[in-house]
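Structure record follows, encoded as structure tokens.
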Amino acid sequence: MYNQGDVIIIGAGVVGGAIAYYLTEKGKSVIILEQDEVASGASGGNNGQISIIDREPGLELDWAKESMKLFKGYEEKGEFETELEITGGISLFYNEKEIEIGKKVIKKYNKIGYNCEMLIGNQIKRQEPNIDTDIVKGAAYCKEEGKLNPFSTTIGFIDQAIKKGAKLYKKTKVLDFKLDDNKIKEVITDKGSFYGDTVVVATGGWTRELMSKLDLDYKIFYGRGSLMVTNPVEQCVKGPIVPGCFTIGTLYEGDWNLLGLTQHKNGTLTIGQDTRRVNNYNKGVSYDGIVGLGKLFAKHFPNLKNIDIVRVWSAITPHVEDSLPIFGYSKKYPNMFLVAGLKGAFTIAPAAGKMAADMIIGDSYDSRVEEYTPVRFE
Ligand SMILES: Cc1cc2nc3c(=O)[nH]c(=O)nc-3n(C[C@H](O)[C@H](O)[C@H](O)COP(=O)(O)OP(=O)(O)OC[C@H]3O[C@@H](n4cnc5c(N)ncnc54)[C@H](O)[C@@H]3O)c2cc1C
């Protein structure tokens, strides 16, 4: 039946896509419900950076390592292109105090085998010759960082799942659920009802609102992040660039306007990131935010200040109160599996999606994931 499957996945972002990919690979029949289009959420509005040293050593970092191998496998098997390039990446520091904290972070990653170092002054130009080192005083370099194309990656996962039998329903918004003895027996959408043995919630920044229908309050908040994109230009930025406060953990709550950017394979640069804590899903961009980003870019890259900006946009992205992902089965509704609030999900989605599929199928899995259980909010 068109509306019945082993697993219903809500959300066609990179997370829902990776889970669908691995479930269909293991022979499960999957239905994907998406309120808008594939990659219409955060997965289609981001910088495509592969980030390593903003994650704590542990399962998330192991997911990152495994994911890089899995990404290569998709390309080698000719399944889909991710445009993954491991170029090395830098986090920017503007004063001595930040550099000192950054050095401690680097030591931590060196100890566990990552190739990181602090670049000071002109050394930064080894990686990024166009950056103004009068502004940027130091940069934490990590050789294992890089970039990919978030659209082709997300669409690639979903297309492969469809090839293996998944059914995708776009413009189909989940509105509510019907229960039978605390199990979800019906997923109610604006296009009718769907039925599955397991329901996977991969709804990113929308998760808290959707889960309120089940009287659950997972502390997942969301922000509106704005980026802009330039015309294609010759290679001028090598790897991903992120604000150093991501790396040393001094990013304050609230709104921020900080420089992070990527140059993509087609030559375009995406420049961000203006982030506002909001309480609605309006994806409008803030004029001040965009002007602020333009000024930041011109200040850091004076040689490139005449590049044309062709488009600006924003995307809704989640963050969890305790900064850990939410991953695993609900206790209250035992056939509901949540995966939300993965930080920088493109670095870890393949391995996290594979583990979610293993858990749903009943295969063995790494028990460290239990730290991320949704039950902590139930
Ligand atoms: C400006 C910005 C820059 C970023 N830069 C990076 C970066 O460089 N690298 C990186 O790894 N990460 C980056 N991120 C974060 C990254 O985009 C997210 O971690 C990732 O996209 C999350 O994927 P997801 O599948 O969980 O969520 P989403 O992509 O948001 O997918 C959730 C989907 O669920 C759908 N949905 C929600 N509610 C319902 C419903 N009721 N019914 C049906 N469908 C529903 C939504 O429409 C959406 O398509 C950035 C984010 C932003 C905003």
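Observations
- Taking chymotrypsin sites (Phe, Trp or Tyr not before Pro) as exposed when their DSSP state is a loop state and no more than 10 other Cβ atoms lie within 10 Å, the longest site-free interval of the chain runs over 3-251.
- Cross-link check: pairs K147/K170; K77/K147; K69/K104; K283/K331 evaluated at a Cα-Cα cut-off of 30 Å; pairs beyond the cut-off: K283/K331.
- FRET E, pair K185, E66, Förster distance 30 Å, beta-carbon r, rounded to 0.05: 0.30
- Estimated at 0.36 nm per residue, the fully extended path between E75 and D197 surpasses their Cα-Cα distance by 40.7 nm.
- Within-11-Å neighbourhood charge of Y2 [Cβ basis; K, R +1; D, E -1]: +2
- The chain: angle of helix 59-76 to the longest principal axis, Cα-based, in degrees nearest 10: 90
- Across the chain, counting alpha-carbon atoms alone, Rg and Dmax equal 20.6, 65 Å.
- Distance between the modelled labels on V310 and K265, one decimal in nanometres: 1.7 nm (7 Å Cα→Cβ projection).
- Straight-line reach from K103: taking Cα to Cα under 19 Å and skipping same-chain neighbours fewer than 8 places apart, the aspartates and glutamates in range are D54, E56, E117, E144, E145.
- When the helices of the chain are scored as -39500 (n - 2.57) per DSSP H run of n ≥ 4 and the total is divided over every residue, the value at 222 nm lands at -8000 deg cm²/dmol.
- Look at the dipole of segment 161-305 built from charges on Cβ: of L179, L296, G244, the Cα furthest out on the positive end belongs to L296.
- Ranking of V200, V375, V14 by count of other Cβ atoms within 10 Å, fewest first: V375, V200, V14
- Beta bridges per DSSP with both ends in the chain, % antiparallel, nearest 5: 70
- Length added when fully stretched, N279-E100, from 0.36 nm per residue minus Cα-Cα: 60.8 nm
- Degrees, to the nearest 10: 287-300 long Cα axis against longest axis of the chain: 40
- Of all aspartates and glutamates in the structure, the ones whose alpha carbon falls short of 15 Å from that of K183, not counting any fewer than 8 places away in one chain, are D6, D197, D215.
- Each of I361 and E253 was given a label point 7 Å from its Cα along the Cα-to-Cβ line. The distance between the two points is 4.1 nm.
- Efficiency of FRET between E37 and D134 - r from beta-carbon atoms, R0 45 angstrom, step 0.05: 0.55
- Each residue of segment 182-198 was assigned a 3J(HN,Hα) from its phi angle through the Karplus expression (A = 6.51, B = -1.76, C = 1.60, θ = phi - 60°), giving 6, 9, 6, 10, 8, 9, 9, 10, 6, 10, x, 9, 10, 10, x, 5, 10 Hz with x at Gly and Pro.
- Charge tally in the Cβ shell below 14 Å around S152, where Lys, Arg are +1 and Asp, Glu are -1, S152 excluded: -4
No value in this document is a laboratory result; all are computed from the given coordinates. This structure is a prediction, so every number in the text was calculated from the model and none was measured. All Cβ positions, glycine included, derive from the backbone under ideal geometry; neighbour counts span all protein chains shown.
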